[in-house]
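In what follows, a single structure is set out as structure tokens and then discussed.
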């Protein structure tokens, strides 16, 4: 479980960066089956001002923004040039669609396989039912959880024995693992012309190949947003609660020390955020 | 005793192997991931061992597709109203990448044009455009997916490649079909270097693999590969060779160019472009 957590984080970063390399080959998004080049939903391009100064331009739903330096026109190794996403966030940094594709399709295996292992293990091991499935009485707590300042959220949650997820966490994690991540994989698969021929329903369910490409792009940013909020929450609750190192350690190793446990700082079974066993139970 | 020993030792060996394999695998992924994330991606991309890993993945993807996806599956065909106007051309788009006499020959309706079909076949044949137009034709309105990410829909007409191949008679050894083109890579890249492309028999004999001489009801325009181009509907646009001059049947993976099976492949793109 721990391994899938860390591997997925690395895979996600690599998929994002190689995906942006692929996006840069044709930095425009459309809706439907085909590309209507005159009416993209989003496009990143460059242009020159009246004085001949280059500018990066990002157009969303027909509204243009000047995004020089980041989108459309940016520096790479000190030299300014036209590129949709900047070189520091793409793999490879220079424009190289062929290599970016190979990276993307290699790491996609890592992401998909760890995802399958995680889902299989979670379903078989009861992680979903035990830790993530909201209980009937919990739904009314959504407002309270959201309204409670982070500093007053306790890691222990409903149980003094071991930390439990609150209802908002449960919904976020279920949404991620059962909806967001699978949809990202499926929109990616829908872009393959061979898979599209064998499984036309896959393209149809997203409203066309170009829609699938647009959704694949949008879902990527939702995944990134999740990761940012997720890490921020761990860091914040760590600072405010059980200690930063404790939280980060639990993410990577699975061991979370429950505060105020006299016998041992780290002897309680870990729950969710941190699922796994307590350090005290660590095998030799 | 001996039997017993051999039964126990491999068990331990396997366990140790699995453990060390898992450890080194995790180590590799960690260092690989970390190196990549902290700016080592470009160096990794250039490393021969990593390139080999990337190319092995490519072969794996092809094998998975060929195993899991029904080989006879047809790409979706669309209605007349779905056709893209304009349809963006890709690859060579104009006379600048074609031989100097090409525009004049195009103006003459390619009267002197021929398609040579050679290799391990029973009846090597030279087809004129008129010969190809006499063969039973298939018309299909399909989506063209460029490797860059965009899609256009067009209506293509021409004989199925399988018709031509059964006409010339494939030798049982035949495995790949190589397409020779009239267009060249720009001269400043690597001297005179005519485009070529290749596919295997799974795609060559597929119902929607046609040699198109018509696009959207008119003779194939120059920008789209006049007078004849290949359509391989379950792969990306770069596989669909334009400005065809010859078809070579071979019994082995083509060793022309840099030996990767096509001009785009020689530049690093996948030979199997079903993704």
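Computed from the coordinates by the stated procedures, all read-outs in this text should not be read as laboratory data. All figures in this text were calculated on a predicted structure; none of them were measured in a lab. FYI the Cβ positions are ideal-geometry reconstructions off the backbone, even for glycines, and counts take in every protein chain you see.
So here's what we get for this one:
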item	result
For the range B:142-188 and the range B:233-261, distance of Cα centres in Å	7 Å
Mean Cα-pair separation over length for the range B:155-275, i.e. relative contact order, pairs under 8 Å, 6 or more apart, %	31 percent
For the range B:151-227, the Rg and Dmax computed from alpha carbons only, in angstrom	14.7, 41
Residue mean of other protein chain beta carbons inside 10 Å, A:211-224	0
Most to least packed among A:62-75, B:223-236, A:178-191 [average Cβ atoms within 10 Å]	B:223-236, A:178-191, A:62-75
Peptide A:100-112, shielding by other chains (average Cβ, 10 Å cutoff)	5
Value of relative contact order over the range B:80-266, rounded to a whole percent, pairs C-alpha under 8 Å and six or more apart	26 percent
Compactness index (Cα Rg / 2.2 N^0.38 Å), the range B:80-266	0.97
Whole-angstrom gap from the range B:63-136 to the range A:36-103, using each part's C-alpha centre	34 Å
Relative contact order of the range B:117-196, pairs being alpha-carbon contacts under 8 Å that are 6 or more residues apart, as %	26 percent
Shielding by other protein chains, B:235-242, mean Cβ within 10 Å	1
Most to least packed among A:111-121, B:140-150 [average Cβ atoms within 10 Å]	B:140-150, A:111-121
